[in-house]
Amino acid sequence: RLDEYTGPGTGDTFDRSFDLHYQLLTEGEYRPSIAVGLRDFMGTGLYTSEYVVASKSLSPTVRVTGGLGWGRMGSYNGFTNPLGGLDDGFETRPGGTLGVGGVPSYDRFFRGDAAFFGGVEWIARDDLTFVAEYSSDAYTREVGLGTLEHNSPLNFGLRYRPDPGLELGAYYLRGSEIGFSVTRILNPRVRQQPSGYDRAPAPVAVRAGDARLARSWDQTTGNETIIIDGLTALLTREGIEVTGIELGQRSIRLRYSNTTYRAEAQAIGRIARIMSDALPPAIETFVFEPMRAGIPVSSVTIQRSDLEDLENTSDAAWASFTRAQIGEAGSDAGFLPAPPVRPAFEWGLTPYVDFALFDGDSPVRADYGIEGELRYEIQPNIVLSSRIRYGLGGDSSAGTISPSTLHPVRRNGAFYGADGGLILETLALNWYQRLGDEYYGRVSAGYLERMFAGVSGEVLWKPVDSRLALGAQVSYVAQRDYDMGFGLQDFPGLGGTYSVMTGHVSGYYDFENGFHGRVDAGRYLAGDWGATFALDREFANGWSVGAYATFTDVSYDDFGEGSFDKGILISIPLDGASGLPTRDAISANLSSLQRDGGARLRLDGRLYDVVRDGHEPMLSESWGRFWR
């Protein structure tokens, strides 16, 4: 939540709030649902409060809620804390703000005066709900500053939902304020377009009984060329880029890049059905080798007869997965080259908007302009890429630079590109390589991100069938000029450019049910040492929501506001919103601040993210889309 109050002497009342709400009990026939919550428990203390609340439906249309609050939620008609009977310390709540914030306010939890709050909901129609509540927040600070009036603890409102994803609201608060709201509701468990607008897949071409018995076909050069060219053309129309084909009398091995479908299993299913119609009847075994960043990441072997037998059965998805064989990709030898399907050089232009959130003086700022992307594929696994921007306006450079004892490796981010004009976001050569079974490598060199240039190397151990992966990354980088051209920045106090060796060892684990954990330990851009802990939840429809926190040998005081680096990661796939197949997604890092402690190089294309989609754990979770 971002709270803002304007008026005399309130320039310091922008604050970030991190809340936690946990349901202890669900509602039963006689039992209410019960939950406990913490508000702003890692902030500066301006909005901190705790509560215990119970809710019960009295009828299909009436629901009542009541609870006990502390902190701000215990400030109106408060009384002595009933927890004082357990310990006198609960009766007193420390006052003032929490310094630079960012750490849990344990010493305030459920302490000080308590107060009752409650409310009632009446569902007048399926799409219309009326709400009345009694608030236990006295808004003491705001009333004292003269920024709002608090004439009554009673609030009233209504919610109107013309469709399940849109809510219109109106409210009357504190006996002094009338307002309106529009809310767009998104559920990461549910696709916005449930069925999608994908083209129907080709049906499986079922061979006649005698054709299944065929043991060979006319494998002359002319026939091979016809099959390869025809299959490549069909798969290109399906959004699949063919890299190589190996044909045998009874089998085919296909290397390809899936540029269209978010789930690799869906791409495999579509390719298999096309091949069932385009290949000679004698070819029984289909071997698929999906490629990412120009390297094969696995092999998936399917029998053609299984496709024919299972297509219209009730448990086709599960049965086809149990019969598939998933292993390491084969050697590079034996492939016949496929005709190229796209040019080596590609470019495009698009508008951009960059938001900067949570600055203490200006919580929402943005820049906008035109962005150009260029890509030159030297080899499928060696690519030169660049992103160039031309700023047309914005106010991100208006952000404040907080003091710190560390070298400014992120604090000064608002200065980069602040003068507008043409800026070079990135210009880098990226080389990916499969080093052997279970091992992968990457080397990147150039202007790696908007603030740093240099060279970076990474290795990863990730068996195809394992939920565990281990990796290491080492980079040597120097800080770029603020104009984001080709120059490096000169720091007189350092006698030249700031450069640093940074790197981490990493562990990754897929906990099943969409949970992915990561630990990175090593040296950060400001020279500090520590570790980053991250946990993401990836839903079946492609949504991903996660959080991370970094702890280093930088003290909370030296780090400054926020105490340590942390944030929330969100990724929203565009296929769910548009209904059209695409691998594109919108990603955001909702970090409360840009500070120097725990700062990492911002590199796209970590090896784990590149290879995991084609490995067994991810294939098993998405195999339900094999027949789509």
- Query: By per-residue mean of other Cβ atoms within 10 Å, what is the highest-first order of 208-219, 518-529, 74-85, 142-153?
  - Reply: 518-529, 74-85, 142-153, 208-219
- Helix 221-237 versus the longest principal axis of the chain: what angle, 0 to 90°, nearest 10, using Cα atoms? 20
- If you add up the charges near R273, with Lys and Arg at +1 and Asp and Glu at -1, over every other residue whose beta carbon is less than 15 angstrom from its beta carbon, what do you get? 0
- Between F79 and R31, what is the FRET efficiency for a Förster distance of 30 Å, r being their Cβ-Cβ separation, to the nearest 0.05? 0.70
- In square angstrom, what is the accessible area per residue of the chain with a 1.4 angstrom probe? 48
- Message: Considering only C-alpha atoms, what is the centroid distance from the range 225-246 to the range 23-39, in Å?
- Response: 57
- Message: Highest mean first, how do 434-443, 326-335 rank when packing is the count of other Cβ atoms within 10 Å averaged over residues?
- Response: 434-443, 326-335
- Message: Under the 0.36 nm per residue contour assumption, what length would be gained going from the current alpha-carbon distance of D558 and S499 to full extension?
- Response: 19.2 nm
- Task: Please compute the net charge surrounding P408, taking Lys and Arg as +1 and Asp and Glu as -1 over other residues with Cβ under 10 Å from its Cβ.
- Result: +2
- Message: Using a 1.4 Å probe on the protein heavy atoms, what percent of the accessible area of the chain belongs to carbon and sulfur?
- Response: 58
- For the range 111-128 and the range 259-275, what is the separation of their Cα centres, given in Å? 49
- Query: In degrees from 0 to 90, rounded to the nearest 10, what is the angle of the helix 264-278 Cα long axis to the longest principal axis of the chain?
  - Reply: 20
- Stretchable slack from T405 to L374, in nm (0.36 nm times residue separation minus alpha-carbon distance): 7.3 nm
- Dipole magnitude (debye, nearest 20) for the chain, charges at Cβ of Lys, Arg, Asp, Glu: 840
- Message: How big is the dipole moment of the range 384-477 about its Cα centre under a simple scheme where the beta carbon of each Lys and Arg is +1, that of each Asp and Glu is -1, and everything else is neutral? Debye, nearest 20, please.
- Response: 60
- Item | Karplus-derived 3J(HN,Hα), 6.51/-1.76/1.60, for each residue of the range 426-435, Hz, glycine and proline x | 9, 7, 9, 9, 10, 10, 10, 8, 7, 7
- If ligands, DNA and RNA are left out, what is the accessible area of F515 with a 1.4 Å probe, given in Å² to the nearest 10? 70
- Message: For the pair Y106/R602, report the inter-label distance in nm, with labels modelled 7 Å from Cα in the Cβ direction.
- Response: 3.4
- Message: Taking 8 Å as the Cα distance limit and 6 or more residues as the minimum spacing, I'd like the relative contact order of the chain as a percentage.
- Response: 10
- Report, in whole Å, the centroid distance computed from the Cα atoms of the range 469-508 and the range 513-564. 19
- Note on the structure: Sequence order, the range 602-613: Karplus ³J(HN,Hα) from phi using 6.51 cos²θ - 1.76 cosθ + 1.60, θ = phi - 60°, Hz rounded, Gly and Pro as x, gives 9, 10, 7, x, 4, 4, 4, 5, 6, 8, 5, 4
- For the chain, calculated [θ]222 nm from helices alone, where every DSSP H run of n ≥ 4 adds -39500 (n - 2.57): -3500 deg cm²/dmol
- Note on the structure: Computed over the range 453-586, the relative contact order (Cα-Cα under 8 Å, seq sep at least six) in percent reads 14
- Note on the structure: In Å, the Kirkwood estimate of hydrodynamic radius for the chain over Cα pairs equals 28.5
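The values are calculated or read from the model by the stated rules, or taken from the named source; none is laboratory data. All values reported here derive from a predicted model rather than from experimental measurement. Please note: Cβ atoms are built from the backbone with ideal geometry, for glycine as well, and neighbour counts cover all protein chains shown. Accessible surface areas use protein heavy atoms only, side chains included; no ligands, DNA or RNA. Shrake-Rupley method; radii C 1.70, N 1.55, O 1.52, S 1.80 Å.
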